[in-house]
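One structure is given below, encoded as structure tokens.
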Amino acid sequence: RLPVEEYREVLCIGLQELAAASREESCGEGSGVEILENKPYTDGPGGNGQYTHKVFHIGKHIPSWFRSILPKAALRVEEESWNAYPYTRTRYTCPFVEKFSIDIETYYKSDTGNQSDVFNMSAAEKRQTTIDPIDIVTDPIPPHEYKVEEDLRLFKSVKTQRGPLRDDWIEEYNNNPGKTPIMCAYKLCKVEFRYWGMQSKIERFIHDVGEKVMARAHRQAWCWQDEWYGLTIEDIRQLELETQLALARKMAQFSQAEEATEAMSGGPSTDKDQEVKEAISSIEAEEMVVNTGRETLQPRGVLTKQWSASSRSSRSSKRGGNK
């Protein structure tokens, strides 16, 4: 049970936990996180808030044999976020994959997820949206991800005395509304991967993985509350600045080392970008050749319309917030 007012600190400190972990991961070979910008904005998404621009270097998480054939641009994911709490928006893109993006809008509300349309979607958008309720207590956890210290049925906060949570925690609140604070995060997730032949599978995969990541993040926010409870926004901004400077120093060191290595080896391959782009194009071409022999082949105009509709593929996840 968390009030909406407190969860702003949860979001901020959660980002710092991620950034702190990234300092340990930033060990060369294109790994780690860079914080390029972190500044307030006005008259933007949600009104006034804090804008953050990050670059995730994911080389460490890709097999070396595959990493060796990819250009640097394919090994980085950019994140832009606008935090105008209780509204936030986050967008992920990969510079190398031009037709790919993930856009997540969130509203934090003091309820149990019973509002039908907090995003004011059009009729067309509603038809393309699937609603997936997430319960952070009862939803199954993969065995390899389970941690006793993150079990909401066992955890009790020392500072707030909140917890443990029971399986019927939402029903318990609905039977006694107002007795304790509660929060639900409404998320509208839009995925675009406009590569013919791979589009539906990749978009479905991203949605499924995204659900699991979001559920885990909210469980951790509840179980880490003794770490962030009582921090002021000034404390958090100072942590952000320290983290940004530390990451910048570390990434600069690895960039210099990488440049020196490339200079000794004669520099990076100039043909690598083109080779990978041609590989993606060939996959699309093969899929179109295979589909040509099918009776269900659609005219080019219909196909373009189908791309456009699927590119707005979205899923709205109403998750019971930390109660």
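The values are calculated or read from the model by the stated rules, or taken from the named source; none is laboratory data. On a predicted model such as this, the values are computed, not experimentally measured, just so you know. Using ideal geometry, Cβ is built from the backbone for each residue, glycine included, and neighbour counts are taken over all protein chains shown. Surface areas here come from the heavy atoms of the whole protein model, side chains and all, with no ligands, DNA or RNA. Shrake-Rupley method; radii C 1.70, N 1.55, O 1.52, S 1.80 Å.
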Pairs only if they're at least six apart or on different chains, beta carbon under 7 angstrom, first in the range 211-236 and over 18 Å from Arg162 (Cβ atoms), second crowded, with 19+ Cβ neighbours inside 10 Å and of a type in the set (Ser, Thr, Tyr); list them, first residue then second. Glu211/Ser317; Met214/Ser317
One residue is enough: does the range 28-37 have a residue meeting the conditions modelled with pLDDT of 90 or more and either of a type in the set (A, V, I, L, M, F, W, C) or in a loop (DSSP other than H, G, I, E, B) (or both)? no
Which of the residues belonging to the range 155-171 are free of Cβ contacts under 8 Å to residues at least 24 places away in the same chain, open to solvent by less than 100 Å² (accessible area, probe 1.4 Å) and either out of contact with any Leu (no Cβ under 9 Å at 6 or more places or on another chain) or not in a loop (DSSP other than H, G, I, E, B) (or both)? Asp168
Please state which one of Ile131, Ile141, Ile104 is under 24 Å from Gln199 (Cα atoms) and either polar (S, T, N, Q) or open to solvent by less than 60 Å² (accessible area, probe 1.4 Å) (or both). Ile104
Give the range 172-183 a look and list any residue that's open to solvent by less than 90 Å² (accessible area, probe 1.4 Å) and either touching a residue at least 60 places away in the same chain (Cβ under 8 Å) or not in a loop (DSSP other than H, G, I, E, B) (or both), or say none. Glu172, Tyr173, Asn174, Thr180, Pro181, Ile182, Met183
Checking Cys189 against (1) surrounded by 14 or more Cβ atoms within 10 Å (Cβ to Cβ); (2) out of contact with any His (no Cβ under 8 Å at 6 or more places or on another chain): exactly one of these is not met. Which one? (2)
Run Lys201 past the list (1) open to solvent by 30 Å² or more (accessible area, probe 1.4 Å); (2) assigned to a loop (DSSP other than H, G, I, E, B) and report the number of the one that doesn't hold. (2)
Report yes if some residue within the range 215-232 is over 30 Å from Pro40 (Cα atoms), of a type in the set (Asp, Glu) and either assigned to a helix (DSSP H, G or I) or open to solvent by 60 Å² or more (accessible area, probe 1.4 Å) (or both); otherwise report no. no
Kindly indicate whether Tyr186 is in contact with a strand residue (DSSP E or B) (Cβ under 8 Å, 6 or more places away or on another chain) and in a loop (DSSP other than H, G, I, E, B). no
Restricting the range 107-128 to residues that are more than 20 Å from Pro86 (Cα to Cα) and among the charged types (D, E, K, R), which is surrounded by the fewest Cβ atoms within 10 Å (Cβ to Cβ)? Arg127
